[in-house]
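The values are calculated or read from the model by the stated rules, or taken from the named source; none is laboratory data. All of these numbers come straight from a predicted model, not from anything done at the bench. So basically every Cβ, Gly included, is an ideal-geometry build from the backbone, and we count neighbours across all protein chains shown.
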Amino acid sequence: MSRGNGGRFDGRAWYEQHITARTVAALEEKEKDFPRLHAGDSEQELIEYVRRCADEMGYTPTMREVIGGTYIAQRFGGWPAVLKEAELVADHACPAQTKRYIFLKEREVQVELHRQEREAKRKTRAIKNKMNVQKNTETQGSPSQVERK
């Protein structure tokens with residue numbers, strides 16, 4: 001658990017850690033699945049994919065900034081060969097994981113999924129609470145019946 005000042009629970013720090021962990025796990029899963037999903041892609045299709053990534057990002061991505069970057073680099077014999085084939089120029093060092101475009105984009109997805117899951121849990125809890133109230137009312141009788149006894 002995240003503890004802030006005085007050993008108290010820090011909900012914001014917990015939330016950030018939770019969302020970061022979800023985001024990292026989702027990106028790892030996508031990276032793991034990429035070779036299986038794209039094994040049949042031609043080199044030209046992979047190059048077009050890298051170009052689309054660069055266009056979306058607005059700059060030349062590093063290997064770690066592209067989902068499937070490691071696989072693509074292996075197919076071409078290294079990331080410099082990928083960039084050369086894509087006619088892109090490496091122009092920066094790879095940013096920290098939590099500053100990468102793909103991380104920030106996936107983080108938005110995970111924030112929304114977390115919100116939806118939390119809302120679904122709240123609705124489920126509300127339904128269970130309502131059912132428990134009805135059950136207790138049925139077993140104890142209505143408040144007006146209890147008063148008459």
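A quick yes/no check of all residues on (1) touching a Leu at 6+ places or on another chain (Cβ under 9 Å); (2) farther than 25 Å from residue 16 by Cβ; (3) hydroxyl-bearing (Ser, Thr, Tyr); (4) free of Cβ contacts under 8 Å to residues at least 40 places away in the same chain:
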| site | (1), (2), (3), (4) |
| --- | --- |
| 50 | yes, yes, no, yes |
| 54 | yes, yes, no, yes |
| 65 | no, no, no, yes |
| 70 | no, yes, yes, yes |
| 74 | no, yes, no, yes |
| 78 | no, yes, no, yes |
| 94 | no, no, no, yes |
| 105 | no, no, no, yes |
Would you confirm whether any residue within the range 30-46 is exposed (fewer than 15 other Cβ atoms within 10 Å of the Cβ), under 22 Å from residue 114 (Cα atoms) and touching a residue at least 24 places away in the same chain (Cβ under 8 Å)? yes
Taking the range 88-132 and keeping residues β-branched (Val, Ile, Thr) and part of a helix (DSSP H, G or I) leaves 98, 102, 109, 111, 124, 127
Against the conditions (1) assigned to a helix (DSSP H, G or I); (2) on the phi < 0 side of the Ramachandran plot, where does residue 6 fall short? Just the number, please. (2)
Among the residues of the range 79-93, how many are at pLDDT 95 or above and loosely packed, with under 12 Cβ neighbours inside 10 Å? 2
